[in-house]
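Student: Structure provided below as structure tokens; questions to follow.
The values are calculated or read from the model by the stated rules, or taken from the named source; none is laboratory data. Not measured: the values here are computed from a predicted model. Note that we place each Cβ from the backbone using ideal geometry, even for glycine, and neighbour counts take in every protein chain shown. To get the accessible areas, we keep the full protein, side chains included, count just its heavy atoms, and leave off ligands, DNA and RNA. Shrake-Rupley method; radii C 1.70, N 1.55, O 1.52, S 1.80 Å.
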Amino acid sequence: MEAKMDAWQRSPNDFHQSNSMNTRQGGKEVTLMSLGKPHRHVARGILFSRDPSTIVGGERLGQQYWEVYVEVAIMPNESLIRNFQNLKTIGDAARKSIAWPSFLVSFIGTQQQPSLTEGLVRQWNDPEGGGRRRRGLGIGASAGGCGREESAAAAAAAVGDLVAALSRRRVYREVTLALRSGLRDAQADFSFLRTRGLRRLLKFLRSSAAAAASDESLRLFRHSQSLPDLQVIPVLFQNTLHPRKENPDVTLNHIFGVEPVKITSPPTDSEVALALRVLEGCCLLHSGSAALAYKYKAVKVLVNILSNRGIPEQEACLDALIALMLESSSNQMDFAECHGVEKIAELIKDEQADEILRLKCGEFLLLLIGNLNGKENSPLANIQEDIRRLLGEKCASLIWPRASLVQP
């Protein structure tokens, strides 16, 4: 038996040349309606197939989708309900076959199809309507029962598909809104606005990580970090974490009023601590964020913060450093070049330092060694010898047994 061809590769000639294409499968001109706005036409095309076993984009149509060949894209930016390969919008799918929900397909030149809401409500509230019409035409009770079951199953599947599609769109809107609003404020000239934006971003990251059904939200966040407009890491380093100039450069144009001097407030301690928490969350939820942070010399910036900032920033800095170096050999190499272990050891040995901070430094070494155990090619492979040299044999002996317990 000849294998079925994926329908999206077909052209109108395949329809006209096929002798097996019957009335059930299609051949009529149709318009496609928008899922978000069911009364808006998004494309015109030809109905190719209603056969549930037809494969479009590597996936069977099923009971609720029809195969339609898109001839004219009326709304080219409308998103496809089923994406495949590089096809994301109606415009991408022009002159190709796509799968489209049957209740959003309207035949041209025939009686107007019921709207999305009307069609679903009619099927949901009156699943026996098809059976009553068949009985009125003299069809047997068994046929009517079969029709009722099929109608009820089709209605339930249609409602399920609609709810899932609307849920995906809702999550997409929530993710993009949280990121855009947070990033907008995080790039402001004044610290209180940047702090507000960082709080929004941190709240979004924590809710995404803690939500019971956050798989879709996390997937969208990870995908968003490949889009320059929604990337969090560049905003953190360009606006908060990189050291700013104390005094702006003033030229003659500024003095004589040709160009205004741009006033930017320096980052406060709380702003820096929040930015470090956001950096930590991004690296833990999205592995690519650590690689992106490497381009901004993240480890060197954080080691500098660790040496010159207050206790809240130092504690947040230690957590962010762990997140940066978990699976990134490049960041580990930067940490070794910055003599990061020596800086941590100095804080531990400083009896004037805050006791909680010193314990936090010990926890940092414990987590770092546990993560590096068994990784011979790591730039920090000799960290145990460094700690023994810097802290002494007695202190180092307290870390080794516990570090083996946190080894991944």
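Student: Can you give me the % of accessible surface on segment 28-107 that is carbon or sulfur? Probe 1.4 Å, all protein chains present, nothing else counted.
Tutor: Solvent-exposed carbon and sulfur of segment 28-107 make up 46 percent of the total.
Student: Can I ask one more? Could you give the nm distance between label points at Ile74 and Leu166, where each point is 7 Å from its Cα heading toward the beta carbon?
Tutor: It is 2.2 nm.
Student: Could you give each residue of segment 329-334 its phi-based ³J(HN,Hα) in whole Hz, using Karplus coefficients 6.51, -1.76, 1.60 with θ = phi - 60°, and x for Gly or Pro?
Tutor: 5, 5, 5, 5, 5, 4
Student: While we're here: Within the set Lys300/Lys349; Lys297/Lys343; Lys360/Lys394; Lys88/Lys295; Lys297/Lys394; Lys88/Lys203, which residue pairs have Cα atoms separated by over 25 Å?
Tutor: Lys88/Lys295; Lys297/Lys394; Lys88/Lys203
Student: How about segment 295-332: which GluC sites (Glu not before Pro) there are in a DSSP loop, with at most 14 other Cβ atoms within 10 Å of their Cβ?
Tutor: Sparse-neighbourhood loop GluC sites (Glu not before Pro): Glu327.
Student: Leaving out ligands and nucleic acids, and using a 1.4 Å probe, what accessible area per residue does segment 28-107 come to in Å²?
Tutor: 42 Å²
Student: What residues have an amide H closer than 5 Å to that of Val30, excluding those fewer than 5 places away on the same chain, when H is modeled at 1.01 Å from N in the peptide plane?
Tutor: Gly45, Ile46, Leu47, Ile108
Student: Applying the Karplus parametrisation 6.51 cos²θ - 1.76 cosθ + 1.60 with θ = phi - 60° to the phi angles of segment 220-230, what ³J(HN,Hα) value in whole Hz is obtained for each residue in order, glycine and proline being reported as x?
Tutor: For segment 220-230, the Karplus curve yields 5, 5, 4, 5, 5, 6, 8, 9, x, 5, 10 Hz.
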